[in-house]
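Peer 1: The structure under discussion is supplied below as structure tokens; questions concerning it will follow.
The values are calculated or read from the model by the stated rules, or taken from the named source; none is laboratory data. Keep in mind that what you see is a predicted model, and the values were worked out from it rather than measured. As a convention, Cβ positions derive from the backbone with ideal geometry for all residues, glycine included, and neighbour counts pool all protein chains shown. Side chains are part of the model used for accessible areas, which takes the heavy atoms of the whole protein and leaves out ligands, DNA and RNA. Shrake-Rupley method; radii C 1.70, N 1.55, O 1.52, S 1.80 Å.
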Amino acid sequence: GDAAPAARAPGGRAMNEVNETWAPVFLFLVAIALIFVYHWVLEGIAYQAMARRRSLRHRWLGWLPGGRDWVQGSLSDQYQYLVRGRIQSKRKVLLGISLGMLVLWAGVIGIYLWLVSKLLQYTSNIVLWEKFGIPALMQCTTELTLLASFWLLRYPVRLMRAIFRTIALYDVYASCMPGSQATYLVLSLIFPVTRPIFLMSCRKKGLQYP
């Protein structure tokens, strides 16, 4: 009578170990997803409200991955034009950089799949595999070079996008909370979780502008 439970015990312990191993990973992924939704929804609502009050066109783009940069840049350009008399095109620059990032990511994914398919051709052919083995990677120098190039290019592009986003965010804060924009910006950079809160609090302020 005790034989069956005893036989099942190792499997049950193994399953428990698997659950204990993956539970933290699952919770981490859920937390990341919730933080992403928190940022995306609240900032989207805030930018929509500010763009609507200022009669900006194409404000619906604020809900799209690259379109939010366009809306943020438009708010910044409008502030620079109406308050400082400067004609700028941060909306175009930010949109162009975001599209460039999408192209780079598409290139990374495409080249990676190309590399994997080429390696699978070697591994599926016994003769080739016995001839090349692990050094089959050396037969994919073109793919590896392109993959590394696209991957590394992401970093300067991300840096440029971060710089222009920071400048645009400063202008957005300045248009809503004149005199407090530096404080808001610094806190947003040090504690990114505060950015949606600040933007939501600003969305109906700055009635003097525009």
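Peer 1: Roughly speaking, what is the stretch gain from V116 to H58, that is 0.36 nm per residue apart minus the C-alpha to C-alpha distance, in nm to one decimal?
Peer 2: 16.9 nm
Peer 1: May I ask you to derive the FRET efficiency for L153 and A182 from their Cβ-Cβ distance with R0 = 25 Å, giving the value to the nearest 0.05?
Peer 2: 0.20
Peer 1: Can you give me the solvent accessible area of R161 with a 1.4 Å probe, rounded to the nearest 10 Å²?
Peer 2: The accessible area comes out at roughly 50 Å².
Peer 1: Leaving ligands, DNA and RNA out of it, rank Y170, Y155, Y47 by accessible area with a 1.4 Å probe, largest first.
Peer 2: Accessible-area ranking of Y170, Y155, Y47, largest first: Y155, Y170, Y47.
Peer 1: About the Cα centre of the range 29-94, what is the dipole size in debye to 20, counting +1 per Lys and Arg Cβ and -1 per Asp and Glu Cβ, all else neutral?
Peer 2: So the dipole magnitude of the range 29-94 works out to roughly 360 debye.
Peer 1: What are the ³J(HN,Hα) couplings of the range 151-168, residue after residue, when phi is run through the Karplus curve with 6.51, -1.76, 1.60 and θ = phi - 60°? Round to Hz, x for glycine and proline.
Peer 2: Whole-Hz 3J(HN,Hα) from phi for the range 151-168: 5, 6, 5, 4, 5, x, 5, 4, 5, 4, 5, 4, 5, 5, 5, 5, 4, 5.
Peer 1: Sum up the charges of everything whose Cβ sits under 15 Å from the Cβ of L102, counting Lys and Arg as +1 and Asp and Glu as -1, but leave L102 out.
Peer 2: Cβ neighbours under 15 Å give a net charge of +3.
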